[in-house]
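J.: Below is the structure I would like to discuss, written out as structure tokens.
The values are calculated or read from the model by the stated rules, or taken from the named source; none is laboratory data. Remember, predicted model here, so these are calculated numbers, not experimental data. So basically every Cβ, Gly included, is an ideal-geometry build from the backbone, and we count neighbours across all protein chains shown. Please note that ligands, DNA and RNA were not included when accessible areas were found on the heavy atoms of the full protein model with its side chains. Shrake-Rupley method; radii C 1.70, N 1.55, O 1.52, S 1.80 Å.
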Amino acid sequence: MDTQIVNEKFYQYKFQLDELLKALEQFTFDIENKDFQQIISNLRTNINEPFLFVVVGEVKSGKSSFINALLGEEICKVDAAPITDTVQQIVYGDSHSETMLNKYLKRITLPVDILKTIAIVDTPGTNTLIKHHEQITQQFIPNGDLIMFVVPAKNPHTQSSWDLLNYINVEWRKKVIFILQQSDLATGAELKTNIEKVKEYALSRNIPSPHIFATSAQRELENEQDSGFEEIREFIRQTVTGGAHYQLKLQSIVDSIDRIISRVEVSLGQRKNQFDSDKVVVDKVKSRLMTGEQQSAYEIRTLIERLLANYDRISSEVKYEFRQGLSLFVLFRKSFKSVFARDESIKNWVQDLQRRFEKKLHSSFQEIAMDGARHFLEGIRQLLQSLIDDLRRIKESRIRDEELFQRIKARRKEVIEDVMHKVYELKSNDTFVESLKSDPTTIAPTVMGGGILAIIGTLIMSVTHGAFFDVTGGILTSVGVVVAGGVLIFKKGKIIRTFEKGLDRGKKQFEEEMEKK
């Protein structure tokens, strides 16, 4: 009855764990993390497997000999060099068979009694040059219900072995027993010293009351009594009989799930920290852009106001000269001269006034526009450089990363590099800027490139060659015709008012053109 209750509870908990693993598996698919997909897939498989002993250790540590001696079968090949990069899962079966479950996992069945209650996994050595060995071993460790950590009895001090133990214990919190294999090669004093050292290493890694066994496969195969294998078998009997293995197996899977969730939690925290850090920079970039936009608007408005003020100054001079030129004395003098000269002096005076007006506007406007463009472009250049500096900082910022959310990490890098490329591209388009530095008078529409530079180019060209000059030129030309007609004396006041209103309308049209551009 007790056994039935234990079985029912076991299958009930197993079902719940499988549902949780199913959800975790879907999560790893969503974030496209293949390593975690494999680990969780293996856990889902393992939940339906017998109690699983995973044997780990370096090449030449005696792992294969240990397994062969434990099973009483030469199932794992013993060789001086690493001969396989597969995980071998050894389970009970009515006959000996070998099946490749995937590229790195082989299942071997054997009619050996001990395998009725346990399964054994032989992993590749972790200190070899064969590609994937350590990765394969580390991927399978989360599936183990009990880890058999095999080290050479004569030299258990290899650093790579204990680095692997750190992974087993710290990363996955697995229950571990220690096997000092090839004990026949060590003297009694060496063996005693090394057992104490292994105990010391285990305790320093927070493994309380470590189980340590000294074994000799050679003595076991020769049926000697002090091979150490009877102690191992007794430990296995105590571990997996009486329903204890149910609890250990479920606890092992729960520990693995708990570790996965902890790593997800840590990784989410790291992603959040990265997001918060990025957001600070992004907000700073937005603020820079807003300030830059306001500064650009200010620069343009200031430029327009300077140009309009210049227009007022020159048009005032022209208005004064025009009024003075239309005095009775001057008109009679010019009219008298025109009687004896065929050059129509009054009309020529008006045309000369028009030419001088346009020349003053052109030269002064060009100087002001170029100066304003310099300020504008320098502001843009500084803005782009500050953006590049901000983006470089965000790109170079690094946090400790669990490497869980690789897709997010890759996408973040892609976005930053894309934005940086666009900003660099805009900043490097400095043909116009260089032309301004060398000789402003060489500016022409053909050398202007890029969105911002095209706007500046249009602005300056509208200043120096816009429709405004057609308007003012038309005013002066029409006035010249009236004057030449000899009716100016009778309509002087009206002509002056028309002339001045025309200049004012020209200013208004010019301002509208500038705002639009």
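J.: What is the number of the single condition among (1) out of contact with any Phe, Trp or Tyr (no Cβ under 8 Å at 6 or more places or on another chain); (2) part of a helix (DSSP H, G or I); (3) among the polar types (S, T, N, Q); (4) open to solvent by 20 Å² or more (accessible area, probe 1.4 Å) that GLN225 does not meet?
T.: That leaves (2) as the condition not met.
J.: Turning to a different aspect of this structure: Can you tell me which of PHE36, PHE27 is at pLDDT below 80, of a type outside the set (A, V, I, L, M) and under 22 Å from ARG407 (Cβ atoms)?
T.: Answer to the check: PHE36.
J.: Moving on to the next point. Return yes or no: is LYS337 modelled with pLDDT under 75, open to solvent by 50 Å² or more (accessible area, probe 1.4 Å), touching a Gly at 6+ places or on another chain (Cβ under 8 Å) and among the charged types (D, E, K, R)?
T.: No: the conditions fail for LYS337.
J.: Looking at region 136-194, which of its residues are assigned to a loop (DSSP other than H, G, I, E, B), without any contact (Cβ under 8 Å) to a residue 40 or more places away in the chain and among the polar types (S, T, N, Q)?
T.: Scanning region 136-194 gives ASN155, THR187.
J.: Take the conditions surrounded by fewer than 21 Cβ atoms within 10 Å (Cβ to Cβ) and farther than 22 Å from ALA69 by Cα and apply them to ASN155. Does it pass?
T.: Taking the combined requirement at face value, the residue does not satisfy it.
J.: Here's another thing I want to ask about it. Would you pick out the residues in region 197-247 that are under 26 Å from GLU74 (Cβ atoms), in contact with a strand residue (DSSP E or B) (Cβ under 6 Å, 6 or more places away or on another chain) and in contact (Cβ under 8 Å) with a residue 60 or more places away in the chain?
T.: ALA214, THR215, ILE232, VAL240
J.: Continuing with this model, one more query. Against the condition under 30 Å from ILE114 (Cβ atoms) and in a helix (DSSP H, G or I), how does GLU220 come out, does it pass?
T.: yes
J.: May I ask you to say which residue of LYS14, LYS22 is modelled with pLDDT of 75 or more, assigned to a helix (DSSP H, G or I) and either open to solvent by 80 Å² or more (accessible area, probe 1.4 Å) or on the phi > 0 side of the Ramachandran plot (or both)?
T.: Being modelled with pLDDT of 75 or more, assigned to a helix (DSSP H, G or I) and either open to solvent by 80 Å² or more (accessible area, probe 1.4 Å) or on the phi > 0 side of the Ramachandran plot (or both) holds for just one of LYS14, LYS22, which is LYS22.
J.: Look at SER204 and say whether it is on the phi < 0 side of the Ramachandran plot and surrounded by 18 or more Cβ atoms within 10 Å (Cβ to Cβ).
T.: The answer is no for SER204.
J.: While we're here: Out of the residues in region 285-305 meeting the condition of being over 20 Å from ASP371 (Cβ atoms) and charged (D, E, K, R), tell me which one is surrounded by the most Cβ atoms within 10 Å (Cβ to Cβ).
T.: Here the answer is ARG288.
J.: Something else now. Residue check, PHE15 against (1) closer than 23 Å to ALA244 by Cβ; (2) in contact (Cβ under 8 Å) with a residue 12 or more places away in the chain; (3) hydrophobic (A, V, I, L, M, F, W, C), all met but one. Which one?
T.: Failing condition for PHE15: (2).
J.: Further question: Run ALA186 past the list (1) out of contact with any Lys or Arg (no Cβ under 7 Å at 6 or more places or on another chain); (2) modelled with pLDDT of 85 or more; (3) not β-branched (Val, Ile, Thr) and report the number of the one that doesn't hold.
T.: Here ALA186 clears every test but (1).
J.: Mind listing whichever residues of region 91-118 are polar (S, T, N, Q), assigned to a loop (DSSP other than H, G, I, E, B) and surrounded by 12 or more Cβ atoms within 10 Å (Cβ to Cβ)?
T.: THR117
J.: Moving to a separate point now. Since LEU146 meets every condition but one in (1) at pLDDT below 90; (2) open to solvent by 40 Å² or more (accessible area, probe 1.4 Å), which condition does it not meet?
T.: Here LEU146 meets the rest and fails (2).
J.: Right, something else. Checking the condition buried (at least 17 other Cβ atoms within 10 Å of the Cβ) and closer than 21 Å to GLY125 by Cβ, which residue from ILE179, ILE260, ILE253, ILE236 passes?
T.: The match here is ILE179.
One line per residue, one yes/no per condition, for (1) open to solvent by 50 Å² or more (accessible area, probe 1.4 Å); (2) among the hydrophobic types (A, V, I, L, M, F, W, C); (3) at pLDDT below 80; (4) in contact with a Lys or Arg (Cβ under 9 Å, 6 or more places away or on another chain):
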site	(1), (2), (3), (4)
GLN351	yes, no, yes, no
PHE365	no, yes, yes, no
MET370	no, yes, yes, no
ILE380	no, yes, yes, yes
SER386	no, no, no, yes
ASP390	no, no, no, yes
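J.: Of the numbered conditions (1) within 15 Å of ASN42 (Cβ to Cβ); (2) at pLDDT below 80; (3) loosely packed, with under 15 Cβ neighbours inside 10 Å, VAL78 satisfies every one except a single condition; which is it?
T.: Failed condition: (1).
J.: Moving to a separate point now. Can you list residue pairs whose Cβ atoms sit under 7 Å apart, with the first residue in region 87-113 being over 27 Å from ILE39 (Cβ atoms) and among the acidic types (Asp, Glu) and the second being outside any strand (DSSP E or B) and open to solvent by 60 Å² or more (accessible area, probe 1.4 Å)? Count only pairs 6 or more apart in sequence or on different chains.
T.: So the pair list comes out as ASP94/PRO111.
J.: Which number in (1) in contact with an Asp or Glu (Cβ under 9 Å, 6 or more places away or on another chain); (2) without any contact (Cβ under 8 Å) to a residue 40 or more places away in the chain; (3) not in a helix (DSSP H, G or I) marks the one condition that GLN251 misses?
T.: All conditions are met except number (3).
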